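A short write-up of the structure that comes next.
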Amino acid sequence: MLSTASSEYVALCREQMALLAQGLGASLSIVYLTQELVEASSISEAKLVPIAVYPETGLWQQSDKNKVLPNLNQKLLTGVQELISVPQESKGGDEENCHSQEEYLFRGDQIVLPLVHENAIMGLFVTVRDDRGWKDSERDEIERIARTLAIACILDRRQAWLRSELEQQQILQEKQQDLLDNLLHQFRNPLTALRTFGKLLVKRLRPGDVNRDVATSIIRESDRLRELLVHFDEVINLTTADIVAPKLPGDKVLVKATVQQPSSDVPLLLPGAGEEGGECYLEDILDPLLISARAIAQERGLGLTAEIPANLSPVNANSKALTEVFSNIIDNALKYTPAGGKVAITVGHEKDGFQGIAISDNGPGISQMDLKHIGERGYRGAQAETEIPGTGLGLTIAKQLIEQMQGEIQIFSPALNSAIPLSDKPGTTFLIWLPSVGG
């Protein structure tokens, strides 16, 4: 159904009809809209609603404008269905109504034109001149006015549709916002409890107990979740003031709004994003992650080896961001490697000014087609057809963080690492390059 025409469209119609009256002497003009878009073959069944008339008449000023000129609807519809002007003289069957106010208003030479766009009729434009007939050149000008009103009408309909869609999106976003707020609020309590349980376990376990590392890992991962919750709160509270429209030289302004860059005060929902990097040691970042990784590998029946040479030189990186990168890639390797497989982590690769960390597995590997899209947001390729859960965001986050640290991720399939035994599956190697301190 078409909504009521906007006040801007009505004003445009009145302006065009006023020009028609002043320039060509039209005595009366009316714009009708159908309640819904119809084809020409069905126009006779459509209901017309007048939305603008010039000059205004006493009849037009009635309170119920939907009932204006009702007796003329069928005549107008019949005329437009034949795509010809209504004859100057009324048909004999109409003589009994010639004294009605509606018929009186439409005495003279009438032109009835459909408002058409892409074979859909959305209304009629009717104009009358009672002192003389219309010339061909004048009819051509009126047809151009009708085409203008038709284009304006479809734009008006689109604007109304977009406004309605925007309102629906805003309602949906408000509901999603409320739901997210509730979930985050409920998430804090069990997270606090989980951290407390981890601390209690550490106190109760004797030094040297193999389970002590597991309890320590619970506390560490709880702290990571708490930090993520802080980022959630900051992002949720973003306002329109945090979205800017960058200006071009002169008086031109870009229409597309963009979120401010990481250098601004607007936080990205990534640990360490936008923070300055510094000197850090890879073993300090990998050691705590390997505790959790070994526990997961044992549970899934996987082998996990790590070769970290002693006395490694430091790299220039952000420790929080690097922790997130290693966590995502190691988790991927463990997740996609089937039971009985192996994951190997080797540190100490070098090239000019960079240190390399290789994370390899002997899982199903990545096709050459999918390799081209690794790092694209939400892309999972062939893995999307498996039952393994995932969103395709882990590698996107890792790639983005590494690039912010002036590093690089290379992906190879089949795997490169000789530490992984041969199998019937190609495997994958992620080689992460980070700038060396002083390199």
* Structure fact -> Convex hull around the C-alpha positions of the range 276-435: the volume in Å³ per residue is 110 Å³
* So how do Asp424, Asp209, Asp140, Asp331 line up by other beta-carbon neighbours within 10 Å, fewest first? -> Asp424, Asp140, Asp209, Asp331
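A 28 angstrom limit on the alpha carbon distance is what I want to check against. Which of Lys47/Lys175; Lys351/Lys372; Lys335/Lys399; Lys203/Lys399; Lys175/Lys372; Lys175/Lys199 exceed it? Before the final figure, lay out the partial values.
Values: Lys47/Lys175 38 Å; Lys351/Lys372 24 Å; Lys335/Lys399 19 Å; Lys203/Lys399 38 Å; Lys175/Lys372 37 Å; Lys175/Lys199 37 Å.
Going by Cα-Cα distance, Lys47/Lys175; Lys203/Lys399; Lys175/Lys372; Lys175/Lys199 fall outside the 28 Å limit.
None of the figures in this text is laboratory data; all of them are computed from the coordinates on show. None of these values were measured; they are calculated from a predicted model. Neighbour counts are summed over all protein chains in view; Cβ atoms, including those assigned to glycine, are modelled from backbone coordinates with ideal geometry.
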